[in-house]
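*Asks:* Quick one: structure below, then a few questions.
The values are calculated or read from the model by the stated rules, or taken from the named source; none is laboratory data. Everything numeric here is computed off the predicted structure, so don't read it as measured data. FYI the Cβ positions are ideal-geometry reconstructions off the backbone, even for glycines, and counts take in every protein chain you see. These accessible areas exclude ligands, DNA and RNA; they are computed on the full protein's heavy atoms, side chains included. Shrake-Rupley method; radii C 1.70, N 1.55, O 1.52, S 1.80 Å.
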Amino acid sequence: MDKKNIELKNVHYFYNNMGKGSNKEEALKGVDLKIEQGEFIAIIGRNGSGKSTLAKLFNALLKPTEGNVHIANINTRDNNMVWEIRSSVGMVFQNPENQIVATTVEEDVAFGPENLGIPPGEIRERVDAALSAVKLSEYVNQQIGFLSGGQKQRVAIAGILAMKPKCIVMDEATSMLDPEGRREVMEIVKELNKDHNITIIHISHHMEEACLFDRVIVVDRGAVIMDGKPSEIFSQVDLIKGIGLDVPQVTELFYELNKNGYNLPLDMGSTEEAAHKLIEEIINKCGRLDGNNN
Ligand SMILES: Nc1ncnc2c1ncn2[C@@H]1O[C@H](COP(=O)(O)OP(=O)(O)OP(=O)(O)O)[C@@H](O)[C@H]1O
Ligand SMILES: [Mg+2]
């Protein structure tokens, strides 16, 4: 079976209102990317680097100026397939308030499948399944206005799930949430990925959050400049800092300590693992000091 989910070949994007004669650059400059079904990916990059433009190309909200985007082997230029593509790749945006289309949770989640012309009985089933997946079943008749930010984003995710997507793209969908809302949403998308094999692509400015993904794609000035496991990406501290991004706090701490004579690894998986390494290194150092004193 072809596991390919999303494929970009030499994709350029130029916003029309940038003006050909202006000195503005292309938003994307020849991006090649392959994403397989079931991947769990974070995209990072400084402001204006092209992340949102990339996200919109993933579900035909934008079409490339040059090059091609294929979603499950369908070219996004094919206007007859736009609904197919949009129900296969759903988008969650930053502001939960802007994504609500109805008054109650149930109406909101049913909106997508209703537009697809799905029969009422099946809509009911899809809404129930989607709300159960985001752990909001008991809120089915709730007015959305009374929900927290994290719960609203989970309703938005349920609305996408009701379309039976293969992929969910989240464009800074946790950036307006408090830590609890952020944790709720991350837990849900992790489950959707592991239990339902839905591809998750999460754009984030939060480096600790990016570390939770299997693959991190770094975008800068309209190009993909790094692509790998979080440990491979964030251990390149100078490069990451050089493009105006932060590294996770533990990496930062070890990087600074290394400048002062420590020898700590910069590719730590978890904070716990890092804590053990730090203790080990301190004991080591003390041993060396003792040795020197004798
Ligand atoms: N509608 C638009 N019209 C003209 N230029 C745009 C438009 N949207 C984005 N751009 C420009 O395209 C480039 C990439 O923008 P994009 O929004 O994709 O970046 P981003 O990485 O998502 O940034 P941010 O972190 O601020 O969300 C920027 O130079 C931006 O100014
Ligand atoms: Mg953006």
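*Asks:* Just the number, please: carbon plus sulfur as a percent of the accessible area of region 2-155, 1.4 Å probe, no ligands or DNA/RNA counted. Walk me through the intermediate numbers first.
*Replies:* Working: 3470 of 7530 Å².
With neighbouring chains kept in place, the figure for region 2-155 is 46 percent.
*Asks:* Quick one: accessible area per residue over the chain, 1.4 Å probe, rounded to a whole number of Å²? Spell out each step's value before the answer.
*Replies:* On the way: 14710 Å² over 294 residues.
Heavy-atom SASA per residue in the chain reads 50 Å².
*Asks:* On to the next question. What is the gain in length, in nm to one decimal, between Glu256 and Asp214 on full extension, counting 0.36 nm per residue of separation less the C-alpha to C-alpha distance? Show your work: numbers first, answer last.
*Replies:* On the way: separation 42, 0.36 × 42 = 15.12 nm, distance 2.58 nm.
Full extension of this stretch gives 12.5 nm more.
*Asks:* Also, I was wondering about something else. I'd like the distance separating the alpha-carbon centroids of region 61-118 and region 168-238, in whole Å.
*Replies:* A separation of 20 Å, based on Cα centres.
*Asks:* Tabulate in residue order the Karplus-calculated ³J(HN,Hα) for region 210-216, using 6.51 cos²θ - 1.76 cosθ + 1.60 with θ = phi - 60°, rounded to whole Hz; enter x for Gly and Pro.
*Replies:* 4, 5, 7, 8, 7, 9, 10
*Asks:* With the full set of protein chains in place, find how many percent of the accessible area of region 248-294 is carbon and sulfur; take the probe as 1.4 Å. Display every interim value, and only then the final one.
*Replies:* Working: 1710 of 3350 Å².
In region 248-294, the share of accessible area belonging to carbon and sulfur is 51 percent.
*Asks:* Anyone know which of Met268, Met81, Met91 comes out most mobile in the 10 Å Cα GNM of the chain?
*Replies:* Met81
*Asks:* Rounded to the nearest percent, how much of the accessible area of region 182-231 (1.4 Å probe, protein heavy atoms only) is carbon and sulfur?
*Replies:* Working: 1020 of 2000 Å².
Exposed carbon and sulfur together represent 51 percent of the surface.
*Asks:* Taking the Cα atoms only, what angle lies between the long axis of helix 249-259 and the longest principal axis of the chain, rounded to 10 degrees?
*Replies:* Compared with the principal axis, the helix lies near 30 degrees.
*Asks:* In Å and from the alpha-carbon atoms only, list the Rg and Dmax of region 248-294.
*Replies:* Gyration radius and largest Cα-Cα distance of region 248-294: 11.6, 39 Å.
*Asks:* Against the longest principal axis of the chain, how steep is helix 105-115, in degrees 0 to 90 to the nearest 10, with axes from Cα atoms?
*Replies:* Around 60 degrees separate the two axes.
*Asks:* What distance in nm separates the simple spin-label points at Arg46 and His12, each placed 7 Å from Cα in the Cβ direction?
*Replies:* Result for the modelled spin labels: 2.4 nm.
*Asks:* In addition: Select from Asp171, Asp78, Asp108 the residue whose mean-square fluctuation is largest in a Gaussian network model of the chain (Cα-Cα springs shorter than 10 Å).
*Replies:* So, out of Asp171, Asp78, Asp108, the one fluctuating most is Asp78.
*Asks:* As an exercise, take the mean of 1/r over every pair of distinct alpha carbons in region 4-247, invert it, and state the Kirkwood radius in angstroms.
*Replies:* Working: mean 1/r = 0.0540 Å⁻¹.
Computed over region 4-247, the radius equals 18.5 Å.
*Asks:* Now, a different point. Which angle from 0 to 90°, rounded to the nearest 10, does the C-alpha axis of helix 179-196 make with the longest principal axis of the chain?
*Replies:* 70
*Asks:* In nanometres, what is the gap between the two model label sites at Asp195 and Val82, each 7 Å from Cα along Cα-to-Cβ?
*Replies:* 3.5
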